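Q: So that we are looking at the same thing, I have put the structure below in structure tokens.
The values are calculated or read from the model by the stated rules, or taken from the named source; none is laboratory data. The model shown is predicted, which means the values in this text are computed figures rather than measured ones. Cβ atoms come from the backbone with ideal geometry, glycine included; neighbour counts cover every protein chain shown.
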Amino acid sequence: MGFFTTATRMWLVRSFRPFRFTHDCDDTLDYQKVESLGLYVHIPFCQRLCEFCPYCKQSYQREQADVYVEALLREIELVCTGQEQKTVTSLYFGGGSPALLTKDFDRIISALKKYFNVTDGIGVELHPDDVTVDTLQKLKGAGVSRISVGIQSFDGAILQKLGRNPFDVGRLFSAFQEVSFDTVAMDFIFAIEGQTFASVKSDIDTAFANGANHIALYPFIDFAFAKHDIRKMGKSEMKKLLYDIAGYCESQGYLRDSIWTFGKPGVDKYSSMTRDNFLGFGCSATTLLSDQFKVNTFSLDAYADRINADKLPSALTIRFTRRQRMIYWLFWRLYTTQLSSNDFENAFGVPLQKMYGFELWLGCLFGLLKKEGDDYRLTERGVFYFYHFEGYYTLAYIERMWGFMRVTPFPEEMTL
């Protein structure tokens, strides 16, 4: 796995140099000239910690949450003071369980709107236990237009394997009948050993019949630092299940808008990841600009201390070479299953064919890509192998970084 990701990286960036992250903290972030900019805010608190979840999270305590909110508001001021108001595509709150801080949303959103004009909606991730009429009304009143609920499964046996408690399905469905949003997404995990297509199909049908207009089906990824005894299914079983899921969604008229998301026609998708550039606020949040990628510290205490010293909480930074930035862009564009030659040229000032014509030709030759005019689309075979490549990438890069940063607030350096 390490050899595969390393060889792929060296070939695509045309360099033997690894990705080098350093403890390089800028005093300011220059985002004014960056186009297609999104915003992300991380809320790291949960009522109950799911062992399979790899994200930066901590058990909820109101006093600690109050300290965190003040630090978060101060980070926004540190990044944005002195900057002109800028139009951005979107604002997403992830976690954790962001709804635990519902009472603070007005303050956080108001602080961001002081510096940003959000054109494409505000999204919030929710735990099923958060889905009450009262909470949904407060979120909608704060300007939230898109929500994503981490259902994982309606199947009690699958929930038990994941270590998740059963939730009140009836309350959840009735809340959506009373409070509406532009996008209601429900997230599910698949490819767990013993899981059947009938179980996944039931999840899909139940979601769309009871308030969802968008779904995400994430393959289970076994992070080494996540303590659990869950086993994922084999490659051939996963391939058949993925094909069955895609075929069923297509038969029902649902449109695929990324490798693992499907929605009803005309519905805006819920996606906090597919932004060309973004500013991240909060513990463990990342920032992607035209020439760099930054990761904030994972430590809540270190985050607050750094903010209170009037310093940005960046823990690691990579200064991209041009080829590295292109690969990052291509990875996330292929994640949407669509690749626009015009968008690439607008972003980098050079034709896509000139930079990666041979690789695109190979992709078409092996049935992974289909050429459509000047653009490209992942085939079903291509989607399946993207799943596997993304899994390799996650375990070779993200797992190593997150595992290290969970115990080291401000590393001096990391090479990947």
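Q: Just checking, how many residues over segment 247-266 are part of a strand (DSSP E or B) and of a type outside the set (A, V, I, L, M)?
A: 6
Q: Now for a separate question. Just one of (1) of a type in the set (S, T, N, Q); (2) in contact with a Phe, Trp or Tyr (Cβ under 6 Å, 6 or more places away or on another chain); (3) closer than 18 Å to Phe52 by Cβ trips up Thr183, so point out which.
A: Among (1) of a type in the set (S, T, N, Q); (2) in contact with a Phe, Trp or Tyr (Cβ under 6 Å, 6 or more places away or on another chain); (3) closer than 18 Å to Phe52 by Cβ, Thr183 violates only (3).
Q: Of all residues in segment 152-207, count the ones that are assigned to a loop (DSSP other than H, G, I, E, B), under 21 Å from the mean Cα position of the chain (by Cα) and among the small types (Gly, Ala, Ser).
A: 2
Q: Working carefully through the options Ile122, Ile147, find the one that is over 29 Å from Lys33 (Cα atoms) and assigned by TED's automatic domain parsing to the domain that holds His214.
A: Ile147
Q: Mind checking which residues of segment 213-246 are touching a residue at least 60 places away in the same chain (Cβ under 8 Å) and either in contact with a Leu (Cβ under 6 Å, 6 or more places away or on another chain) or of a type in the set (Gly, Ala, Ser) (or both)?
A: Ala216, Ala224, Ala226, Ala246
Q: Is segment 263-280 home to any residue that is buried (at least 17 other Cβ atoms within 10 Å of the Cβ), modelled with pLDDT of 95 or more and in contact with a helix residue (DSSP H, G or I) (Cβ under 6 Å, 6 or more places away or on another chain)?
A: no
Q: From the list Tyr270, Tyr303, Tyr243, Tyr248, pick out the single residue that is of a type outside the set (Lys, Arg) and within 24 Å of Asp120 (Cα to Cα).
A: Only one candidate passes the filter, namely Tyr270.
Q: Among Ile189, Ile158, which is among the β-branched types (Val, Ile, Thr) and closer than 24 Å to Phe93 by Cα?
A: Only one candidate qualifies: Ile189.
Q: Of Tyr60, Tyr40, Tyr55, which residue is aromatic (Phe, Trp, Tyr), surrounded by fewer than 19 Cβ atoms within 10 Å (Cβ to Cβ) and under 22 Å from Met401 (Cα atoms)?
A: Answer to the selection: Tyr55.
Q: List the strands (runs of 3 or more DSSP E) inside segment 267-340, counting only whole elements, that have at least 1 residues being among the hydroxyl-bearing types (Ser, Thr, Tyr) and under 26 Å from Val407 (Cβ atoms).
A: 286-288, 314-319
Q: Something else about it: So which of Leu101, Leu126, Leu136 ends up being over 22 Å from Gln58 (Cα atoms), buried (at least 22 other Cβ atoms within 10 Å of the Cβ) and at pLDDT 95 or above?
A: Sole residue among the options that is over 22 Å from Gln58 (Cα atoms), buried (at least 22 other Cβ atoms within 10 Å of the Cβ) and at pLDDT 95 or above: Leu136.
Q: Determine, yes or no, whether Gly349 is modelled with pLDDT of 90 or more and surrounded by fewer than 16 Cβ atoms within 10 Å (Cβ to Cβ).
A: So Gly349 passes the test.
Q: Considering only residues that are over 18 Å from the mean Cα position of the chain (by Cα) and among the β-branched types (Val, Ile, Thr), which ones fall in segment 25-66?
A: Thr28, Val34
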